[in-house]
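The values are calculated or read from the model by the stated rules, or taken from the named source; none is laboratory data. Treat the numbers as computed from the prediction; the structure is a model and nothing was measured. Note that we place each Cβ from the backbone using ideal geometry, even for glycine, and neighbour counts take in every protein chain shown.
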């Protein structure tokens with residue numbers, strides 16, 4: 001069972017993700033987060049010494065799953081399984097970390113002014129490794145000669161949209177909130193499109 005300290009920290013992090021996603025870094029005040037979390041302002045500073053540290057923690061909460069999502073490229077030898085599992089992992093991030101995903105996307109769209117250099121380098125290294133893996137599959141004849149970077153961009157855009165544009169998606173589907181079947185359907189459709197366009201005929 002989680003301790004009170006762990007529960008409070010998790011609550012603050014979740015609420016901070018929502019507030020940062022709604023207001024952005026500059027407009028967010030610690031008191032906003034404290035009030036929404038139902039905690040005194042000093043309690044927030046007890047767990048996170050500054051707004052910058054809290055913001056970084058929100059980014060890290062989604063960066064770690066993002067880094068882990070590329071593991072299928074390392075684990076599986078065939079591109080079909082690797083791409084299928086990679087897309088599934090990316091959809092799961094949008095499902096499980098919707099607010100933190102929005103914060104990350106907003107940070108990137110604004111030129112990553114607050115993204116720490118060490119996180120940036122870890123993400124870039126992950127991308128370089130994924131690109132190299134795809135290039136190897138292409139060289140081995142296991143994939144069509146597609147541009148690896150643009151393939152990744154396409155996957156990122158199509159999976160992260162389920163977090164970043166959730167209002168639009170729920171409005172179109174007529175649902176207050178997407179359910180597991182929706183995310184499974186999205187992952188399967190994106191996978192079919194990617195595989196059809198990348199695997200040898």
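A compact table of results
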{"item": "Subset of the range 33-52 (residues that are more than 21 Å from residue 111 (Cβ to Cβ) and within 24 Å of the chain's Cα centre (by Cα))", "result": "33, 36, 37, 47, 48, 50"}
{"item": "Close pairs (8 angstrom Cβ cut-off, 6 or more residues apart or separate chains): over 13 Å from residue 155 (Cβ atoms) in the range 179-201, surrounded by fewer than 15 Cβ atoms within 10 Å (Cβ to Cβ) and modelled with pLDDT under 95 anywhere", "result": "182/173; 182/175"}
{"item": "Candidates 63, 58 - the one that is in contact (Cβ under 8 Å) with a residue 60 or more places away in the chain, more than 18 Å from residue 131 (Cβ to Cβ), under 14 Å from the mean Cα position of the chain (by Cα) and assigned to a helix (DSSP H, G or I)", "result": "63"}
{"item": "Counted residues, the range 117-166 - those being assigned to a loop (DSSP other than H, G, I, E, B) and surrounded by fewer than 18 Cβ atoms within 10 Å (Cβ to Cβ)", "result": "8"}
{"item": "Residue check for residue 187: assigned to a helix (DSSP H, G or I), modelled with pLDDT under 95 and touching a helix residue (DSSP H, G or I) at 6+ places or on another chain (Cβ under 6 Å)", "result": "no"}
{"item": "Scope the range 97-116; condition assigned to a helix (DSSP H, G or I), farther than 12 Å from residue 66 by Cβ and out of contact with any helix residue (DSSP H, G or I) (no Cβ under 7 Å at 6 or more places or on another chain); matching residues", "result": "109"}
{"item": "Only listed residue being within 27 Å of residue 186 (Cβ to Cβ), assigned by TED's automatic domain parsing to the domain that holds residue 115, in a helix (DSSP H, G or I) and touching a helix residue (DSSP H, G or I) at 6+ places or on another chain (Cβ under 8 Å), chosen from 73, 20", "result": "73"}
